[in-house]
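Contents: one structure, followed by commentary.
The values are calculated or read from the model by the stated rules, or taken from the named source; none is laboratory data. Being a predicted model, the structure only gives us computed values, none of them experimental. Cβ sites come from the backbone with ideal geometry, for glycine too, and all protein chains shown count toward neighbours.
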Amino acid sequence: MTFLIKDLQRKIEKTYALDTGIANISRFVIGDIGFNMLYGNDEPSNTVNGAYYGARVLLRYIGNDLKALIYFPDRLIKTLEENDPRFGINDDNIDACAGFVEELDHLLFIAQHYKLNRPFSLIELELQANVTKYLTLKYFVALQNRSKRLRSIDKEYIKYHLFYKRVYDISDPSERERYEVAGFLGMLYTEYIDTLSYEDRLRDLRQFCRMTFATKASYIHSKK
């Protein structure tokens, strides 16, 4: 998975023109053994929980320094190793791929915000990750097509798995609402950027990722 991680890091940073300062994101990834060594049976308190497989970003401050790791459960990695999304997206690997991209995106944007000394909110991270997941899945699905272009049915397939089918079985109502709102806004924004040319879409994505959540929400609603 090292090559997949590096490839996705480059694509995310290039798409949004990020300067995270992370040379190799693989250094910040742990699996089940690493997670158990750090936390044992305890549940970590400072996390950005993912919507898939229990993957998450783990955060802690040591003095004024922010330390972060991505936890990818072994079963998520096993799914992607056995069904590599670079060779095809299907019902058996699309959720694992989305979860993989989501946590990479979280860590990169947390690093970018930290480097710029800019605060961020969890809902802002979730909304941004929804956009990145959509773009990444479009890229992988396009690789499967002989024309390297997406059909309308391909986009609907991706949106179904990212947005339409998602049911957040979360007991905390505020956390559940965060995922639902981020999903709804992500769906609206991806519909909008699909109407743009490549150059306009790239420009819009780079501007969008630098907005606060409130500005993003207003911007999305203005495009309806």
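One table, with the values for the structure above:
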item	result
Unique residue being buried (at least 18 other Cβ atoms within 10 Å of the Cβ) and either of a type in the set (D, E) or modelled with pLDDT of 95 or more (or both) when the list is I25, I5, I94	I94
Complete set of residues in the stretch 179-198 that are in a helix (DSSP H, G or I) and closer than 13 Å to Y134 by Cβ	A182, G183, L185, G186, M187, L188, Y189, T190, E191, Y192, I193
Of all residues in the stretch 44-76 being more than 15 Å from the chain's Cα centre (by Cα) and in a loop (DSSP other than H, G, I, E, B), the one that is modelled with the lowest pLDDT	S45
Which numbered condition R210 fails, given (1) modelled with pLDDT of 90 or more; (2) in a helix (DSSP H, G or I); (3) surrounded by 13 or more Cβ atoms within 10 Å (Cβ to Cβ)	(2)
Unmet criterion (only one of (1) surrounded by 17 or more Cβ atoms within 10 Å (Cβ to Cβ); (2) at pLDDT below 95; (3) of a type outside the set (F, W, Y); (4) part of a helix (DSSP H, G or I)) for I153	(1)
Test: residue in the stretch 98-107 that is more than 16 Å from the chain's Cα centre (by Cα) and of a type outside the set (D, E)	no
Lone qualifier among R176, R201 - being in contact with a helix residue (DSSP H, G or I) (Cβ under 8 Å, 6 or more places away or on another chain), without any contact (Cβ under 8 Å) to a residue 12 or more places away in the chain and part of a helix (DSSP H, G or I)	R201
When residues of the stretch 156-165 are limited to those that are over 11 Å from A98 (Cα atoms) and surrounded by 17 or more Cβ atoms within 10 Å (Cβ to Cβ), the one farthest from the chain's Cα centre (by Cα)	Y157
Single residue of the stretch 120-150 satisfying the filter (touching a residue at least 24 places away in the same chain (Cβ under 8 Å) and of a type in the set (S, T, N, Q)) that is surrounded by the fewest Cβ atoms within 10 Å (Cβ to Cβ)	S121
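Each row is one residue, and each column tells you yes or no for (1) hydrophobic (A, V, I, L, M, F, W, C); (2) touching a Gly at 6+ places or on another chain (Cβ under 7 Å); (3) over 28 Å from F213 (Cα atoms).
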residue: L127; (1), (2), (3): yes, yes, no
residue: N130; (1), (2), (3): no, yes, no
residue: K133; (1), (2), (3): no, no, no
residue: K159; (1), (2), (3): no, no, no
residue: L162; (1), (2), (3): yes, no, no
residue: K165; (1), (2), (3): no, no, no
